[in-house]
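The values are calculated or read from the model by the stated rules, or taken from the named source; none is laboratory data. Please read all numbers here as calculations on a predicted model, not as lab measurements. No Cβ is skipped: glycine too gets one built from the backbone with ideal geometry, and neighbour counts run over all protein chains shown.
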Amino acid sequence: MENLEFDTVILGGGPAGFSAGLYSSRSALSTAIVDISMLGGQPSNYLELENYPGFGKIGGFELMEKFEEHADIFGVKKFPMQEIEEVNLVSNPKIIKTKEYEFKAKSVIIATGAKPMKLGVKGELEFIGRGVSYCAVCDGAFYNDKIVAVVGGGNSAVEEAMYLTKFASKVYLIHRRDELRADKIIQERAFKNKKLEFVWDTVVDEIKGDDLVNSILVHNVKTNEKSEIEINGIFPYIGITPNVDYINGQIEQDSKGFIQTDETMKTSVEGVYAVGDVRQTPLRQVITACSDGAVGAVYASKYVQALKEVTV
């Protein structure tokens, strides 16, 4: 195992991680990005983005390539495909162990993101990016005058269903119960939307299609009646979960596991910052992840600089 030392180690190589890496390295700190998979994060799987400033339309993979190229200009060290075995955030220095390396860092920026909870049905994984999407804001415009379905009954599901009615000719809102869990004011708006059709007491059994999604198989949980609904796209909104398995309670998290931070992205542990989707935040988009990364890196840099001044 090779031992490496850095001023800042960033866990996660998505938009938040690359943004943090850029700002950290430009502050003259030795900086590394460590990721358990290939770099780029979730946006690498997006067919296209139309809401990232400066690009009318750009492929998700292409955008993240540009992020990586920018980080390379400033010498950010990259360590993709590293299986994390141990993380000690409370020690000084911080320790991150993978199968190949032991990283020692004065500060750590957590940018490991979050993943949408899957329906777990046949066809879901096969059609991701071809009719299965977990981001209405990202992909809604691709369903202009088409029929889509949203699965879920909470605030996110209902709000995204209403958002999709801006584009789709019809939106099915499929919920396994006979009433929504969303806030009443959101429900009232949804019930007034003529493009929304509610499918109660129903769960999805299978997502079908050829090259693209063309239908879903569902059944009513009360009557067990089965049916097929023709659609062009499906948006599961049954929740998201942060990628924090390695933390093991070392820092404060909310009831769903998202890391709690202040406005500087500082966590409950000195020298540890959290940015992007992994933290408790009201909006999870590429642009907000980048903003988080910039803020977190600036304050991590101040923390590291203060440590260096003490040791001089």
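Some notes on this structure:
- Search result, residues across the range 13-43 that are surrounded by fewer than 24 Cβ atoms within 10 Å (Cβ to Cβ), of a type outside the set (A, V, I, L, M, F, W, C) and in a loop (DSSP other than H, G, I, E, B): Ser27, Ser30, Asp35, Ser37, Gly40
- Which listed residue is without any contact (Cβ under 8 Å) to a residue 24 or more places away in the chain and not assigned by TED's automatic domain parsing to the domain that holds Asn214, from Asp245, Asp277: Asp245
- Strands (runs of 3 or more DSSP E) lying entirely in the range 168-222 (those with 1 or more residues that are buried (at least 16 other Cβ atoms within 10 Å of the Cβ), within 25 Å of the chain's Cα centre (by Cα) and in the same structural domain as Phe142 (by TED's automatic domain parsing)): 170-174, 202-209, 213-220
- Given (1) farther than 19 Å from Gln250 by Cα; (2) assigned by TED's automatic domain parsing to the domain that holds Pro43; (3) of a type outside the set (Val, Ile, Thr), number of the condition Lys122 does not satisfy: (2)
- Under the condition of being surrounded by 12 or more Cβ atoms within 10 Å (Cβ to Cβ), β-branched (Val, Ile, Thr) and more than 14 Å from Pro116 (Cβ to Cβ), the residues counted in the range 223-265 number 8.
- Some residue of the range 89-108 being closer than 27 Å to Val132 by Cβ, in the same structural domain as Met265 (by TED's automatic domain parsing) and either surrounded by 24 or more Cβ atoms within 10 Å (Cβ to Cβ) or over 22 Å from the mean Cα position of the chain (by Cα) (or both): no
- None of Lys194, Lys266, Lys226, Lys184 is in contact with a helix residue (DSSP H, G or I) (Cβ under 8 Å, 6 or more places away or on another chain) and among the charged types (D, E, K, R) except Lys266.
- Residues (closer than 12 Å to Ile10 by Cβ and in contact with a helix residue (DSSP H, G or I) (Cβ under 6 Å, 6 or more places away or on another chain)) located in the range 75-109: Val76, Ser107, Ile109
- Matching residues, the range 48-77, being surrounded by 18 or more Cβ atoms within 10 Å (Cβ to Cβ), among the small types (Gly, Ala, Ser) and modelled with pLDDT of 95 or more: Ala71
- Meets criteria (surrounded by 14 or more Cβ atoms within 10 Å (Cβ to Cβ) and assigned to a strand (DSSP E or B)) for Asp277: no
- Of the set (1) crowded, with 16+ Cβ neighbours inside 10 Å; (2) assigned by TED's automatic domain parsing to the domain that holds Glu230, all apply to Asp145 but (1).
- Within the range 280-289, restricting attention to residues that are of a type in the set (Val, Ile, Thr) and in a helix (DSSP H, G or I), the residue that is surrounded by the fewest Cβ atoms within 10 Å (Cβ to Cβ) is Ile287.
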